[in-house]
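The values are calculated or read from the model by the stated rules, or taken from the named source; none is laboratory data. Note that the structure is a prediction, hence the values are computed from the model and not measured. As a convention, Cβ positions derive from the backbone with ideal geometry for all residues, glycine included, and neighbour counts pool all protein chains shown. Just the protein is used for accessible areas: all its heavy atoms, side chains included, with ligands, DNA and RNA removed. Shrake-Rupley method; radii C 1.70, N 1.55, O 1.52, S 1.80 Å.
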Amino acid sequence: MSDSPDARTAELSERLQAVRDRLDAALAAADRPAGSCTLLVVTKFFPADDVRRLLSLGVREFGESREPEAGRKVAEVLADWHPADPGDAPAFDMIGTVQSKKARSIARWARTVHSVDRPKVADALDRAARAALDEGERTDPLGVLLQVSLDGDPQRGGVVEAELSALADRICAADALSLRGLMVIAPLHGEPEHWMAETARIHTAFRDRYPDAAELSAGMSGDMEIAVAAGSTCVRVGTAIMGERPLLSQ
């Protein structure tokens, strides 16, 4: 990608600023401190060049959901990203469904996995993260958010509230994982306000039991403001910034 501005960079800049303004306004309306909710830009289906454009616009936190697309993209971006400050490196989170057989590759590039909902996946990620640590492919334990099922629909993924503690304890006992908190995707049926109120209730109880796992990944392009009011510490925004998905993914 050329370093000169182009139409796509201008489009992304405008969309990004609009979402940042929405997030700032949502935090102010909820009487929360500025910066208390992270914007995770979801770049799944979009090419590495778009990630590079976003880097030039100051974005450092990204969400991906498909492996091996994500692994290839991360490697391509990092191959030519050489910041003067090592702390300025971008971070990539896995926000989609995790298949156990792909845990090894995910553990090489993901900072945090937002979608852990089964013991089998937790165990596979623990083994994969341990191998990545031993081989110098990562320097920190793999962060884990437990995906909560708000409506109990097994087709949508997530662990029901009654089983959260058992899975959380399993993560806490894992050698190469770090429990960070919860993730939710509001069901399409019902009112978003109802689901986010349920999210806030579950998150409060979970945080009381696991005070070091206070993160809450909730809210997307359409329900970001409601999620922030419910206490979200990370909103995952794709379409509002990236636009409609391309017909073909890389």
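Looking at (1) under 17 Å from residue 98 (Cα atoms); (2) in contact (Cβ under 8 Å) with a residue 24 or more places away in the chain; (3) part of a helix (DSSP H, G or I), which is the only condition residue 195 fails?
Condition (1) is where residue 195 drops out.
Being in contact with a strand residue (DSSP E or B) (Cβ under 8 Å, 6 or more places away or on another chain) and surrounded by fewer than 18 Cβ atoms within 10 Å (Cβ to Cβ) is the filter here, so list the residues in the range 221-238 that pass it.
221
Does residue 49 meet the test of being charged (D, E, K, R), over 24 Å from residue 8 (Cβ atoms) and more than 18 Å from the chain's Cα centre (by Cα)?
no
Check the range 163-173 and report whether any residue there is buried (at least 21 other Cβ atoms within 10 Å of the Cβ) and in a strand (DSSP E or B).
no
Within the range 21-56, can you find the residues that are surrounded by 19 or more Cβ atoms within 10 Å (Cβ to Cβ), closer than 14 Å to residue 232 by Cβ and small (Gly, Ala, Ser)?
26
Mind checking whether some residue in the range 122-129 is open to solvent by 20 Å² or more (accessible area, probe 1.4 Å) and either closer than 21 Å to residue 241 by Cα or assigned to a loop (DSSP other than H, G, I, E, B) (or both)? Reasoning before the result, please.
Pass one, the range 122-129, residues open to solvent by 20 Å² or more (accessible area, probe 1.4 Å): 123, 126-127.
Within this subset, residues satisfying the condition of being either closer than 21 Å to residue 241 by Cα or assigned to a loop (DSSP other than H, G, I, E, B) (or both) are none.
Within the range 122-129, none of the residues are open to solvent by 20 Å² or more (accessible area, probe 1.4 Å) and either closer than 21 Å to residue 241 by Cα or assigned to a loop (DSSP other than H, G, I, E, B) (or both).
So, residue 197, is that one within 18 Å of the chain's Cα centre (by Cα) and either buried (at least 17 other Cβ atoms within 10 Å of the Cβ) or at pLDDT 95 or above (or both) or not?
Judged against the criteria, residue 197 is not a match.
State yes or no: is residue 185 crowded, with 17+ Cβ neighbours inside 10 Å, of a type in the set (A, V, I, L, M, F, W, C) and farther than 25 Å from residue 110 by Cα? It would help to see each step written out before you state the result.
Numbers: crowded, with 17+ Cβ neighbours inside 10 Å: yes; of a type in the set (A, V, I, L, M, F, W, C): yes; farther than 25 Å from residue 110 by Cα: no.
When the stated conditions are applied, residue 185 does not pass them.
Report, by residue number, each residue of the range 101-118 that is open to solvent by 50 Å² or more (accessible area, probe 1.4 Å) and in a strand (DSSP E or B). Show your work before the answer.
Of the range 101-118, the ones open to solvent by 50 Å² or more (accessible area, probe 1.4 Å) are 101-102, 104, 108, 111, 118.
If the condition is that a residue be open to solvent by 50 Å² or more (accessible area, probe 1.4 Å) and in a strand (DSSP E or B), then no residue fits.
Can you name the residue in the range 70-100 that is of a type in the set (D, E, K, R) and at pLDDT below 95 and is also least open to solvent (accessible area, probe 1.4 Å) among such residues?
Among those residues, the one meeting the criterion is 88.
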